[in-house]
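The values are calculated or read from the model by the stated rules, or taken from the named source; none is laboratory data. Because the structure is predicted, anything quoted here is derived from the model rather than measured. Ideal geometry is used to build each Cβ from the backbone, glycine not excepted, and the neighbour counts take in all protein chains shown.
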Amino acid sequence: MTDNIETDVKFTEKELEKIKSFQQKYVNVQLSFGQIELSKMRFEEQLTLLDESYENTVKELNKVQQEEREFIDNINKKYGDGVLDPQTGVFTPRTE
């Protein structure tokens with residue numbers, strides 16, 4: 001009768017190197033995920049700043065347009081309806 005005694009098996013150096021290679025590849029993948037996540041966070045922060053800048057610029061545009069409307073209203077009250085040549089500063093009243 002033969003005894004089935006289990007004995008430990010030692011991996012070869014080549015097999016151990018392959019296992020270490022897989023471990024290192026997993027570490028590299030994890031690092032890549034971390035770097036990607038940090039890049040996404042930075043991008044989202046930049047996008048937030050761009051959105052804020054955009055909103056501020058829209059507010060500034062609205063303010064300028066309002067100031068322009070008020071100026072035109074005042075000019076129309078002062079000189080009447082007409083056309084201004086901004087190059088020469090000459091205002092030509094409308095005749096109807």
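Numbers for the structure displayed
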{"read-out": "Matching residues, the stretch 64-96, being in a strand (DSSP E or B) and among the aromatic types (Phe, Trp, Tyr)", "value": "91"}
{"read-out": "Check on residue 14, at pLDDT 90 or above, surrounded by fewer than 10 Cβ atoms within 10 Å (Cβ to Cβ) and assigned to a helix (DSSP H, G or I)", "value": "yes"}
{"read-out": "Criterion (surrounded by 10 or more Cβ atoms within 10 Å (Cβ to Cβ) and modelled with pLDDT under 95) met by exactly one of 43, 71", "value": "71"}
{"read-out": "Condition met for residue 79 (aromatic (Phe, Trp, Tyr) and either at pLDDT below 95 or in contact with a His (Cβ under 9 Å, 6 or more places away or on another chain) (or both))", "value": "yes"}
